[in-house]
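See below for the structure under consideration.
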Amino acid sequence: MLKMIDVLEQSLVQNFSESIFDNAEHSEVQFHQELLNISDIDLANIMSAFFLNDQAAELAQALDISAETVAEIQAGANLKDESLIPATAKIVAYCLAVETDALNQVEISECLQDYPM
């Protein structure tokens with residue numbers, strides 16, 4: 001699989017890893033802004049790698065990305081478009097979380113232990 005750390009700017013990866021536990025609203029704005037600085041081809045490569053996963057449709061649904069938005073992304077829409085940047089950010093964040101093993105660092109409350117993740 002394509003390594004996000006190799007494709008994305010080091011500052012984006014480092015900031016993602018450090019800010020995963022910070023104020024979500026501030027982190028989201030900063031993350032979206034940093035995504036705008038990534039080259040279009042690098043974002044397209046990330047999306048291609050994501051959609052090569054056999055479970056990409058299920059993952060997109062779990063990330064709360066509509067089927068219409070998935071179709072737009074797969075059709076080659078501008079990933080930095082204002083309407084698509086939230087979905088782009090979710091996919092990139094998911095890929096970064098998997099690659100940096102950030103999901104295993106999140107503490108899950110006991111009341112949510114049985115909730116599927």
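Of note:
- Solvent-accessible area per residue in the stretch 51-102 equals 55 Å², computed with a 1.4 angstrom probe and all protein chains kept.
- Note on Ser66 and Asp101: the extension gain reaches 10.0 nm, defined as 0.36 nm multiplied by sequence separation minus the Cα-Cα distance.
The values are calculated or read from the model by the stated rules, or taken from the named source; none is laboratory data. Fair warning: this is a prediction, and the values are worked out from it, not measured in the lab. Accessible surface is based on the protein model in full, side chains and every heavy atom, while ligands, DNA and RNA are left aside. Shrake-Rupley method; radii C 1.70, N 1.55, O 1.52, S 1.80 Å.
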